[in-house]
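What follows is a single structure, written as structure tokens, with notes after it.
The values are calculated or read from the model by the stated rules, or taken from the named source; none is laboratory data. Keep in mind that this is a model prediction, so the values were computed, not measured. Cβ coordinates were reconstructed from backbone atoms using ideal geometry, including for glycine residues, and neighbour counts include every protein chain displayed. All accessible areas refer to the heavy atoms of the entire protein, side chains included, with ligands and DNA or RNA removed. Shrake-Rupley method; radii C 1.70, N 1.55, O 1.52, S 1.80 Å.
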Amino acid sequence: MKVLVPLPDRDFDITEVAVPWRLLTDAGHEVTFATRSGMVAAGDPRLIDGVIFGQLGADPEPISFYRQLLDAPAFRSPASWVDLDVAGFDGLLLPGGHAPGMRQYLGDAALQHQVVRFWTLERPVAAICHGVLVLARSIDPVTGRSVLAGRRTTCLTRWQERLAYSLTWWKLGRYYRTYDAYVQDEVQAAVGPEGSFERGPIGSRRGTATDDGPAFVVEDGRYLSARWPGDAYLLARRFGALLSDEDGRARSDRQAPQDPPAADRRDTPQQRPGAPG
């Protein structure tokens, strides 16, 4: 299955990109990256060395996946999201990040237009952390509302954003506050009263390749959402399973016996008019 992953030119969260890329690729899915202009993207460098005093950065395994990603042909030759035909993809993954470079991706009208086009195809979509904002800001021209209206979702929670900011503001200023509004507040407004925002458990421990205990993912039909890098492994596994299920259904539909054209049908005794039953 072909998965589209749009990225900003810089500052994406390396765990939220590299972990899904590694797990989806290992499962046999084809990942295509896209940036606005088609230039090669770069992750947030602070997450490699640690955000502050070597802490709050990515874990060692996601860092190793990111280094593998940097040499991957698909990553080195991204498409432009402006020119893509999204109908050629089976799944859409919207990763997050919070550093200033993310604003290019989070606020781009052309990307939002492409997201709406893909959403109407009713194919699997996954978003994590700030990536949920792309969906929240993608307005369906028919309804005039976000594509998330009425859906169940999560995203980076208010308490997570506040905690990260409170630990680092004295050194890094607004590094952890991408916008004045909290991500959760904007997403909840997009979901509306008919939808449901799910915060998930409170805790700072991250899920890993072998432990999904701390992780949290909301599944609403073909739409999956997660809160932060600590949910990346679980999100990637569930998204991969959803893609495989879609592939299996598509194969079954293609292999199902079809009624022959009317001109090719042959009457049987039971079908001929007046034949005894």
Next item on the list: Could you figure out which of (1) among the small types (Gly, Ala, Ser); (2) closer than 13 Å to residue 98 by Cα; (3) assigned to a loop (DSSP other than H, G, I, E, B) isn't true of residue 164?
Entry: (3)
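Given the criterion basic (Lys, Arg) and closer than 15 Å to residue 189 by Cβ, identify the matching residue among 103, 151.
On the way: 103 fails: closer than 15 Å to residue 189 by Cβ.
None of the other options fit; the residue is 151.
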Check: Do we find that residue 180 is acidic (Asp, Glu), under 25 Å from residue 107 (Cβ atoms), in a loop (DSSP other than H, G, I, E, B) and open to solvent by 50 Å² or more (accessible area, probe 1.4 Å) in this structure?
Finding: yes
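Select, from 69, 94, 84, the only residue that is more than 25 Å from residue 156 (Cβ to Cβ) and not basic (Lys, Arg).
Numbers: 69 fails: more than 25 Å from residue 156 (Cβ to Cβ); 94 fails: more than 25 Å from residue 156 (Cβ to Cβ).
After applying the criteria, what remains is 84.
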Item checked: Those residues of the stretch 191-203 which are open to solvent by 10 Å² or more (accessible area, probe 1.4 Å) and touching a residue at least 24 places away in the same chain (Cβ under 8 Å), in sequence order -> 192, 194, 195, 196, 197, 198, 199, 200, 202
Next item on the list: Just need a number here: residues in the stretch 77-132 that are open to solvent by 40 Å² or more (accessible area, probe 1.4 Å), in a loop (DSSP other than H, G, I, E, B), modelled with pLDDT of 95 or more and not acidic (Asp, Glu).
Entry: 5
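If you go through the stretch 8-32, how many residues are of a type outside the set (S, T, N, Q) and farther than 22 Å from residue 230 by Cα?
Of the stretch 8-32, the ones of a type outside the set (S, T, N, Q) are 8-14, 16-24, 26-31.
When the remaining residues are screened for being farther than 22 Å from residue 230 by Cα, the result is 9, 28-30.
Final tally of qualifying residues: 4.
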Next item on the list: Could you tell me which numbered condition residue 12 fails, if it satisfies all but one of (1) touching a Phe, Trp or Tyr at 6+ places or on another chain (Cβ under 6 Å); (2) buried (at least 23 other Cβ atoms within 10 Å of the Cβ)?
Entry: (1)
Check: Within the stretch 20-35, can you find the residues that are within 17 Å of the chain's Cα centre (by Cα) and either of a type in the set (D, E, K, R) or closer than 17 Å to residue 132 by Cβ (or both)?
Finding: 20, 22, 30
Check: Out of curiosity, is residue 137 surrounded by 15 or more Cβ atoms within 10 Å (Cβ to Cβ), farther than 22 Å from residue 45 by Cα and modelled with pLDDT of 95 or more?
Finding: yes
Margin query: I want to confirm something. Restricting to the stretch 26-59 and keeping residues that are touching a residue at least 12 places away in the same chain (Cβ under 8 Å) and assigned to a helix (DSSP H, G or I), which single residue is least open to solvent (accessible area, probe 1.4 Å)?
Written below: 47
